[in-house]
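Visitor: Handing you this structure, nothing more for now.
The values are calculated or read from the model by the stated rules, or taken from the named source; none is laboratory data. All values derive from a computational prediction rather than experimental measurement. Cβ: placed from backbone, ideal geometry, glycine included. Neighbour counts: every protein chain shown. Accessible surface areas use protein heavy atoms only, side chains included; no ligands, DNA or RNA. Shrake-Rupley method; radii C 1.70, N 1.55, O 1.52, S 1.80 Å.
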Amino acid sequence: MNRADLIKKFDKQARWYEKRRIQQAQKEWRQKLLYFARGNVLEVAVGAGANFSFYPPGVRITAVDFSPEMLKRARNAADEYGIEVEFIQSDVETLTFPPDSFDTVVSTLSLCGYEDPVGVLNRFSRWCRNDGLILLMEHGLSSNPFLSFLQKALDPLAYRLVGCHQNRDMMNLIRSSDLVVEKVESHWAGVVHLVWAKPRK
Ligand SMILES: C[S@@+](CC[C@H](N)C(=O)[O-])C[C@H]1O[C@@H](n2cnc3c(N)ncnc32)[C@H](O)[C@@H]1O
């Protein structure tokens, strides 16, 4: 799918993501992960701002997404929670920051969408300071063979409908990147992973 079509696809889903943000979907997992965010935070593929209410006070957030409709809703969310966020409309796969720009890099439900997820993870490692943290909540192939068979079968349809792949061996991708995984918590038959990682310098 070309970039323009992919962006349009996410634009069309923005209202749904806003609803999920208001319902505090995946609250328990987001809370658990974002509790560890510190200092200058980069949140990639921010969507409608579903994580904003879970950040500890005092963090400074830079939020990126390529969908203008998602960013519009994320701006509303930041206003609603009274937090200051710097928004950047950009494709994460072509985005550049100087090395060691952030204390924390956050990605939730984004690695399913990139063409080169390992390349994006390696960027996180470069952008994150030595003593920083990379926090991920990502989904991928289940550890249950029947479920993973279904995920693989449904992947082409899911990608066409919502722009996200369902067939990625997520922990394998993360472990093959420059990230040094410190802790993993897996849920929903191994479909969803919470990951605490360090950059590899
Ligand atoms: C599945 S949603 C997740 C949104 C949010 N992170 C959350 O946890 O609810 C994926 C988001 O990633 C954005 N996205 C996907 N690919 C992207 C890319 N290459 N560059 C920037 N944003 C991207 C989409 O616009 C969408 O907002």
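Visitor: Hey, could you check segment 159-174 for residues that are more than 12 Å from the ligand (Cβ to nearest atom) and part of a loop (DSSP other than H, G, I, E, B) and say which is surrounded by the most Cβ atoms within 10 Å (Cβ to Cβ)?
Guide: R168
Visitor: Take segment 96-121 and flag every residue that is near the ligand (Cβ under 9 Å from one of its atoms), assigned to a loop (DSSP other than H, G, I, E, B) and closer than 28 Å to I22 by Cβ.
Guide: Those that are near the ligand (Cβ under 9 Å from one of its atoms), assigned to a loop (DSSP other than H, G, I, E, B) and closer than 28 Å to I22 by Cβ: L109, S110, C112, G113, Y114.
Visitor: Which of the residues that make up segment 1-20 are closer than 18 Å to Q89 by Cα, of a type outside the set (D, E, K, R) and more than 8 Å from the ligand (Cβ to nearest atom)?
Guide: Across segment 1-20, the qualifying residues are N2, A4.
Visitor: Taking V92 as meeting all but one of (1) closer than 19 Å to F36 by Cα; (2) hydrophobic (A, V, I, L, M, F, W, C); (3) within 8 Å of the ligand (Cβ to nearest atom), write down the number of the exception.
Guide: Unmet for V92, out of (1) closer than 19 Å to F36 by Cα; (2) hydrophobic (A, V, I, L, M, F, W, C); (3) within 8 Å of the ligand (Cβ to nearest atom): (1).
Visitor: Would you mention how many residues in segment 40-58 are more than 22 Å from S90 (Cα to Cα) and either part of a loop (DSSP other than H, G, I, E, B) or within 11 Å of the ligand (Cβ to nearest atom) (or both)?
Guide: 5
Visitor: Looking only at segment 59-79, filter to residues that are assigned to a strand (DSSP E or B) and not β-branched (V, I, T); which one of those is farthest from the chain's Cα centre (by Cα)?
Guide: Checked segment 59-79; the qualifying residue farthest from the chain's Cα centre (by Cα) is R60.
Visitor: Related question: Out of the residues in segment 1-12 that are over 14 Å from S110 (Cα atoms) and in a helix (DSSP H, G or I), which is most open to solvent (accessible area, probe 1.4 Å)?
Guide: Top of the filtered list is K12.
Visitor: Keeping to segment 14-38, report how many residues are surrounded by 20 or more Cβ atoms within 10 Å (Cβ to Cβ) and either in a helix (DSSP H, G or I) or in contact with a Gly (Cβ under 9 Å, 6 or more places away or on another chain) (or both).
Guide: Of the residues in segment 14-38, 7 are surrounded by 20 or more Cβ atoms within 10 Å (Cβ to Cβ) and either in a helix (DSSP H, G or I) or in contact with a Gly (Cβ under 9 Å, 6 or more places away or on another chain) (or both).
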